[in-house]
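The values are calculated or read from the model by the stated rules, or taken from the named source; none is laboratory data. The structure presented is a predicted model; accordingly, all values stated were derived computationally and were not measured. Using ideal geometry, Cβ is built from the backbone for each residue, glycine included, and neighbour counts are taken over all protein chains shown. In case anyone asks, the SASA skips ligands and DNA or RNA and just uses the protein heavy atoms, side chains included. Shrake-Rupley method; radii C 1.70, N 1.55, O 1.52, S 1.80 Å.
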Amino acid sequence: MRIGVVSDTHLSAPTDWLESAYAHHLATADAVIHCGDMTGRSAWSFFLQHPCFYCVQGNMDDYQLAVDLPPRLDLELDGLRVAVCHGWGYKAGLSRRIYEAFGPDYDIIFFGHTHVREDSQYGKTRCINPGSLREGSLAIVTLDAGKISTEFVSL
């Protein structure tokens, strides 16, 4: 299973650049996960074209969008327990704080907020941040028989 993971888009509406990034890297993924800070409803609506799209609210989403998005998602993907959130507070040490808040029962926790790529492991849990899509970063995470591999893509 291939998962396109993005965060921190910070767009109120889709742009030619976003449409190109989507077509080249996300459209063919089995699932697309957005870790918050989409910012505007029009950008969110653009991502809804993907048949398996998941999104959580971020701290910068406009109110009309944020009220319709959950702060957290719990998913099962390819037999793995997966959590998705945006993140909060200070950027330093965020993956550790998220891991401690969610607990050790997850195989993967996807998060954003820091705008910095990260793939850290705490116990059996991988904490993966794709970086900021607005700043030209996303992740392709491949799940294969319980194995997790992450490829960071620079746009």
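Structure data summary
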| quantity | calculated |
| --- | --- |
| Strands (runs of 3 or more DSSP E) enclosed by the range 51-155 - at least 3 residues per element that are touching a His at 6+ places or on another chain (Cβ under 8 Å) and either under 21 Å from THR39 (Cβ atoms) or open to solvent by 70 Å² or more (accessible area, probe 1.4 Å) (or both) | 53-55 |
| Pairs with Cβ under 9 Å, 6+ apart, first in the range 133-144 and under 10 Å from ARG117 (Cβ atoms), second modelled with pLDDT of 95 or more and among the aromatic types (Phe, Trp, Tyr) | SER137/PHE152; LEU138/PHE152; ALA139/PHE110; ALA139/PHE152 |
| In the range 38-55, the residues that are among the aliphatic types (A, V, I, L, M) and without any contact (Cβ under 8 Å) to a residue 24 or more places away in the chain | LEU48 |
| Subset of the range 12-37 [more than 23 Å from GLY87 (Cα to Cα), in contact (Cβ under 8 Å) with a residue 12 or more places away in the chain, in a loop (DSSP other than H, G, I, E, B) and not small (Gly, Ala, Ser)] | PRO14, THR28, ASP30 |
| Selection within the range 31-63 - farther than 25 Å from SER95 by Cα and touching a Gly at 6+ places or on another chain (Cβ under 9 Å) | HIS50 |
| Residues (over 25 Å from SER154 (Cα atoms) and modelled with pLDDT of 95 or more) located in the range 78-95 | ASP78, GLY79, LEU80, ARG81 |
